[in-house]
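A short worksheet on the structure shown next.
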2 protein chains.
Amino acid sequence: MLRRDRLFLAATLTAVFSADLYFILLPKLRSLGRPHSCSCGPGNLSLPRQGGLATPLLSNWTSVPLPDSATPEPADGGSKLEKLFAHTLYNIQTPSLGPEERLLQAEQLIEYYRRKVSRWESVTEHEVTYDPDASWMKFHLGINRYALYSRDDPAVLQLLKDMQNMAVVSADYTQDEKALKGACDCTQVVKPSGHHLKLALKMKNFAKAMFKPMRQQRDEETPEDSFYFVDFQRHNAEIAAFHLDRILDFQRVPPVAGRLVNVTGEVLQVTHNEDLRAVFFTSPANNTCFFAKCLYVCKTEYAVCGRPDLLEGSLSAYLPGLSIAPRISIPNPWTRSYTFTGREEWEVNPFYCDTVKQLYPYNSGNRLLNIIDMSIFDFLTGNMDRHHYEIFTKFGDEGFLLHLDNARGFGKHSQDETSILAPLSQCCMIKRSTLLRLQLLARSEFRLSDVMRESLEGDPLRPVLTEPHLLALDRRLQKVLRVVQRCVRRLGEEEVITKDFIKTYNPPSHQSV
Amino acid sequence: MLRRDRLFLAATLTAVFSADLYFILLPKLRSLGRPHSCSCGPGNLSLPRQGGLATPLLSNWTSVPLPDSATPEPADGGSKLEKLFAHTLYNIQTPSLGPEERLLQAEQLIEYYRRKVSRWESVTEHEVTYDPDASWMKFHLGINRYALYSRDDPAVLQLLKDMQNMAVVSADYTQDEKALKGACDCTQVVKPSGHHLKLALKMKNFAKAMFKPMRQQRDEETPEDSFYFVDFQRHNAEIAAFHLDRILDFQRVPPVAGRLVNVTGEVLQVTHNEDLRAVFFTSPANNTCFFAKCLYVCKTEYAVCGRPDLLEGSLSAYLPGLSIAPRISIPNPWTRSYTFTGREEWEVNPFYCDTVKQLYPYNSGNRLLNIIDMSIFDFLTGNMDRHHYEIFTKFGDEGFLLHLDNARGFGKHSQDETSILAPLSQCCMIKRSTLLRLQLLARSEFRLSDVMRESLEGDPLRPVLTEPHLLALDRRLQKVLRVVQRCVRRLGEEEVITKDFIKTYNPPSHQSV
């Protein structure tokens, strides 16, 4: 396993070095003649604030010019997305994976689901085909220590198609909904209960997907007085987040597809859950609607309705069950206060990252860099609701972070919530591979909004994002790059731009991989 | 008292007769030459449905042409509202009132409030002026067996001004809100709890008003899938309903004024209720907000917010307390089913009115005609939520019906909910005085939308209604008149157009006045 790690490391470094040469060194050589202006003289010792966020100001400014995204590039009219995925940076080959680097073993998974399916066949009248070659099985089997899927896995495209088209044979509340039922602790003001309208749908081939129905029109913006924790969950944000994650080459969001769901035929008529049946009703406009039900609250005002039966929604592929692929949920060190007035330490202490860096598991390995990746991803989508993150326990502390639950992104195209970038701006470090891809996406020939627009065109619910949301991605990307640039000026490239899989802060006493 | 009744009756009849001559007989003479087309031949025996509503079809059609509202009238540019109120129909003098015909006696009321104020002075630091000549006292003293106020009472105009401008010295939940607290029976799906955001405000001169904050923008329409019982309460509907009721010469809605309320200075800082204080918070956009709190539900998503403190709302004058002026609340015979699927008898039985006519108190006197007045009022505003009505017990079965709680009107300008007119279309009767005023308001020189626009111009929150809502009033008025016309064709004028205060169906055994 160590040998394979080294091989992978070598391959990564080679690719990163080539890109580095192109993006960092070349522009540096080009800009040698140009003098650099620094807006902050040495006498300025105050803490600069970025979007209300205190950031430590250090003295050793260096300047690293980043590639200029405004430079027009010759466009040949071809697919920008294809060109992006054909780029060297997106073609670093992962080494062949040993059994320990895969989340699941084929035999184990096939046996597990065979048992599940036989239990299922005894309770349903629907014909369920159990196919060990089904796309969702391949997706589960493809999950490895580096990512949820590999860049060129045809099973993922097939899984998207299956979720878009395959017959639904069963519908139920998700486990989250079931946990809420009866418990519904609304004595605190922090969680609205009526917004949880997600359902678990099972396809004919036993694939399972989480259905989040449309709550908001594409052109509606989150009201300015809304707290992030009472914001609607947006089905289109869930779809767009999957595409963005793939374009950033993270592969940390499970596949998500849009679908027009027939809430009568594909939910009401196929559910065995009486409680779920009971929340269906016909609206005054003769549309079929359903609402979330919680013990003490009657949420007709939260109802969602088909037209008359068809309702847009996102379908997110389920991850393997927790019993065969346990995950743990860890509080985000940059979580927000889920109250009206509370503020978290990171919001008031500009040196908060120094504290985090001392703490396990952020004191070694890539965990902090992974958090920073996630914060960049969330800043681009505008998702403020990242209170926890999940990792597969099998891959230990070095495992990648799952970017689950992205439905609160894309709420306001007009606002860039820079506080989401706090991990980046306070820690002033970023994986070199992430930075290089961000720089690539800032260039006109790969422009993030263009590749996102193109990628989202493949979804049945196109247009998934309005133009202002797509353009906001470019603007926000520039802001991320500017934060990195400021960090580099302050601390130098060596400190800020970190080689993936290497940088440690302390002796790796806790490193378990 | 009987003498006075007779005097009043004679005066009314004289006025009604003059108007009758002008509106009914004159057009009849004019149209003598014109042949009348009847769209329903004698062979048609099916039940015609009006907006999903079964209506009995009888054979003895007569035709009474109503004045044509499309006829242009010379406009002299003056105030249509003034001209309306100067019209004979609006100038029927009520006889001077004896003590039994007033709701309250001055000495009794003054003593009652003197005691209340002295209790109040012991708990508040605010200076409260107790003035027996205050507009709200005059309003209370003016309530009589015919109406809540008289047409030309200057106290009502003063009361509107006081509610608009006078300093607020105290704020609290209303009794309704208090009854909900802790009880909050949401095991039924019929009542949303979060919409009750009304507060009781007390003015410097001890006037009390119910504050309903703005929940919806003027140009927002109620979504087509919303049930009437989960619809927002609209502050502007409350204001507009008061003006409409006055224009219809009913005087059955207590005075309502719009006001920009400072929710910090005029609610949060003056309330003594800790529970009310506790629901205030500052929004992410730094606005002051508050929400409804019920034991089990956390309603931040229902919050209303000032900008940053100022919030539009309606202020409705309180009626005298129940202990000195008891009222009873009676189920509306044409109430709706407050469930998703239930239907009430009136919705399926075309002869429902025949049943109602047999039942006390609808079997004698004016009660049924008053219900029909109310249904016309509600149809004009589009309010489907009239489950109960209230009367002052003092005036017995012949007392007028209070038109309280009109905030669910004016939700959809594009839809005319003709089922609200069921009492009129099923019973086929209307007070002559009501019909004459409706006919007047259908004429271009007094056009309902014009006099409403003019009347609402006087409110600080102008424009109170959007143009489409104003124009809907004219369209709906035409529909009311057409229903009456159809009834007259079927049953003859004698049966349909009823002389006020006279028509009885049974010996008046239960008549208590």
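The values are calculated or read from the model by the stated rules, or taken from the named source; none is laboratory data. All values reported here derive from a predicted model rather than from experimental measurement. Methodologically, a virtual Cβ is constructed for each residue, glycine included, from the backbone with ideal geometry; neighbour enumeration extends over all protein chains shown. For accessibility, only protein heavy atoms count, side chains too; no ligands or nucleic acids. Shrake-Rupley method; radii C 1.70, N 1.55, O 1.52, S 1.80 Å.
Details
- Listed by chain and number, the aspartates and glutamates whose alpha-carbon sits under 17 Å from that of A:K479, ignoring those within fewer than 8 places in the same chain, are A:D68, A:D373, A:D378, A:D416, A:E417.
- Per-pair calculated FRET efficiency, R0 = 25 Å: B:S118 and B:D275 via Cβ, rounded to 0.05: 0.45
- Inter-copy label distances at A:E107 (7 Å, Cα→Cβ; nm, one decimal): 10.4
- Under the Debye formula (equal points on every Cα, no solvent term), log10 I(q)/I(0) of region B:209-281 at q = 0.14, 0.18, 0.20, 0.21 Å⁻¹: -0.64, -0.93, -1.02, -1.05
- Centroid-to-centroid separation of region B:85-124 and region A:222-273 [C-alpha atoms, Å]: 60
- With the simple spin-label model, which puts each label point 7 Å out from Cα in the Cβ direction, the B:T335 to A:K499 separation comes to 7.9 nm.
- In this label model, A:R462 and B:Y130 are separated by 7.6 nm, measuring between points 7 Å along each Cα→Cβ vector.
- Span from the region A:307-352 Cα centroid across to the region A:367-396 one, whole angstrom: 9
- Modelled label positions at B:D219 and A:H388, each set 7 Å beyond Cα in the direction of Cβ, lie 4.3 nm from each other.
- Remark: for residue pairs A:K208/A:K431; A:K202/A:K394; B:K161/B:K357; B:K208/B:K394, the C-alpha separation exceeds 31 Å in A:K208/A:K431; B:K161/B:K357.
- A:Q485-B:Q175 FRET efficiency (beta carbon distance; Förster radius 56 Å; 0.05 resolution): 0.35
- Protein accessible area in region B:76-172, 1.4 Å probe - carbon and sulfur %: 50
- Computed on region A:340-487, with alpha-carbon pairs under 8 angstrom and 6+ residues apart, the relative contact order is 25 percent.
- Relative to the other identical copies, A:L260 shows label-point distances of 4.6 nm, where the label point lies 7 Å from Cα along the Cβ direction and values run shortest first.
- Interface size, chains B and A: roughly 2600 Å² of accessible area buried, both sides included, 1.4 Å probe, rounded to the nearest 100.
- Distances in nm from A:T355 to the matching label points in the other copies, shortest first (labels 7 Å along Cα to Cβ): 7.0
- A dipole drawn for region B:394-451 from +1 and -1 charges on Cβ atoms has a positive end, and of B:G396, B:L435, B:F446 the residue lying farthest that way is B:F446.
- Applying 1/(1 + (r/R0)^6) with R0 = 41 Å to the Cβ-Cβ distance of A:N349 and B:L157 gives a FRET efficiency near 0.10.
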